[in-house]
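First up is the structure itself, then whatever we jot down about it.
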Amino acid sequence: MKTINIALVPGDGIGPEVVAEGVKVLKAIERMDEHLSFSFTEFPWGCEHYLQEGKMMADDGIEQLKAFDAIYLGAVGYPGVPDHISLWDLLLKIRKEFDQYVNLRPVTLLDESLTPLKSRTEKDIDFLVIRENSEGEYAGAGDRLFAGKPEEVVLQTGVFSRKGTERIIRYAYEEAQRTGKTLTSVSKGNALNYSMVYWDEVFEEVGMEYPDVETYSYLVDAASLYFVNDPGRFEIVVTSNLFGDILTDLGAALTGGLGLATGANVNPEKEFPSMFEPVHGSAPDIAGKGLANPLAAIWSVSQMLDFFNEERWGAEVLEVIREIIKEKDNLTPDLGGKASTADVGGSVASMLESRK
Ligand code: NAI
Ligand code: MG
């Protein structure tokens, strides 16, 4: 029997509502697969915890989480606590401490009704963005000099280490080789004459070890254009932290919006737990009303299953999401339906069980 130990950090707003539905799906799988089980331990961290205890997570929170295989997170951030505190003291802390240097964001259109692009179908939009998740433009390196004075100077430095650049690019080549897909690097060597020239060099250098992988290299501005007018040319994309952040939200817009966008924060060596989460935030405007779409959080469950080599279940969950999307009645209001968060989770679980 294989047991995957999952730390649940439901967080704020709609976080707990959508995580509950993901757990429902995992429990359905556990019932069907006698060789697979999940253990769940919930941590009440987030903004409410901050307002009561003055901190987003326990002092030894990282130590506590270390023991788990995976972290399943809802969303963090809520009015009343500044966003830079909730983000840096919980989410980014986990990503950094656990060296989750790979961010995996599928840009997969599950049904043609979901894309704003005219006459594009499922076969045109189906790729994976691999975003560098530990350094680059988000390294937090910089300074603010002479604040408030006429000579004020603000510096925000991109950090591209040999180790950090090489490992993300290598991960992407491995993934391209494993799946037999093309690999596209997105950078900006013409304007960012240090960091992105370096990125391009490393992309070529590592590529020598993967002569069978077909590669492309685009400037980020051109890549944004192609995302919209020719998304079919992408299969696997590797890019820096900032470019990946922006491009994946563009990707989410092409495939049905926040209710369907998911992202895994992965430590590939499994030295530390990886974290699976929907991309959306805590949606205070709809929290507590049963209106939240849980499909992004359920897609995270599919990514989690893939990561633990349970690809068969990962694919089944994605297939069921694909199926449920065809029936408007089964969906939450953001996708034009009338179903509640719990209805959608329940439908996914029972559709999974009926496929058996
Ligand atoms: P948001 O993603 O929470 O909401 C943006 C809009 O999308 C809202 O109108 C919301 O109702 C809608 N929406 C989001 N998820 C939805 C879902 N599953 N189903 C239906 N509608 C959904 O972003 P916003 O409003 O900018 O941020 C709210 C809070 O969440 C802030 O405190 C922010 O810092 C935090 N946040 C946390 C993230 C995380 O934990 N990874 C990511 C983004 C924001
Ligand atoms: Mg983002």
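What follows draws every value from the coordinates through simple rules; no lab data is involved. This one's a predicted model, so the numbers in the text were calculated from it and none came from an experiment. Virtual Cβ from ideal backbone geometry, glycine too; neighbours counted across all protein chains shown.
Odds and ends about this structure:
- Most mobile of ALA253, ALA141, ALA283 in a GNM of the chain (Cα contacts under 10 Å): ALA141
- Order of ILE125, ILE286, ILE85, ILE298 under a 10 Å beta carbon neighbour criterion, fewest first: ILE85, ILE286, ILE125, ILE298
- Translational diffusion of segment 288-356 was estimated from the Stokes-Einstein equation, with Rh taken as the Kirkwood radius over Cα pairs; at 37 °C and 0.692 mPa s the coefficient is 271 µm²/s.
- Separation of alpha-carbon centers, segment 39-109 and segment 299-333, rounded to whole Å: 23 Å
- For segment 126-254: rounded, prolate or oblate by the Cα gyration tensor [a/c cutoff 1.5]: prolate
- Exposure proxy ranking for GLU271, GLU175, based on other Cβ atoms within 10 angstrom of each Cβ and starting from the fewest, stands as GLU271, GLU175.
- Contour minus Cα-Cα distance for GLU327 and LYS270 (0.36 nm per residue): 16.7 nm
- Ranked by how many other Cβ atoms sit within 10 Å of their own Cβ, fewest first, the residues GLU353, GLU135 fall in the order GLU353, GLU135.
- Whole-number percent relative contact order across segment 83-134, with pairs defined as alpha carbons under 8 Å at least 6 apart: 43 percent
- The packing ranking, built from the mean of other Cβ atoms within 10 Å per residue, places the peptides 92-103, 186-197 in the order 92-103, 186-197, highest first.
- Our summary gives the chain a relative contact order of 23 percent, counting only alpha carbon pairs under 8 angstrom and 6 or more residues apart.
- Contact order relative to length of segment 126-254, as percent, for alpha carbon pairs under 8 angstrom and 6 or more apart: 37 percent
- Extension gain for ASP60-LYS27 works out to 9.0 nm (0.36 nm per residue, less the C-alpha to C-alpha distance).
- Segment 145-218: C-alpha gyration tensor shape, a/c 1.5 cut-off, then a/b vs b/c: prolate
- Gain on full extension, evaluated as 0.36 nm per residue between GLU209 and LEU225 minus their Cα-Cα distance, stands at 2.8 nm.
- Taking the empirical scaling 2.2 N^0.38 Å for compact globular proteins as reference, segment 200-356 has a Cα radius of gyration ratio of 1.20.
- Separation in nanometres of the label points that stand 7 Å from Cα toward Cβ, at THR3 and GLU152: 5.6 nm
- When Rg and the Kirkwood Rh are both derived from Cα coordinates, the Rg/Rh ratio for the chain amounts to 0.97.
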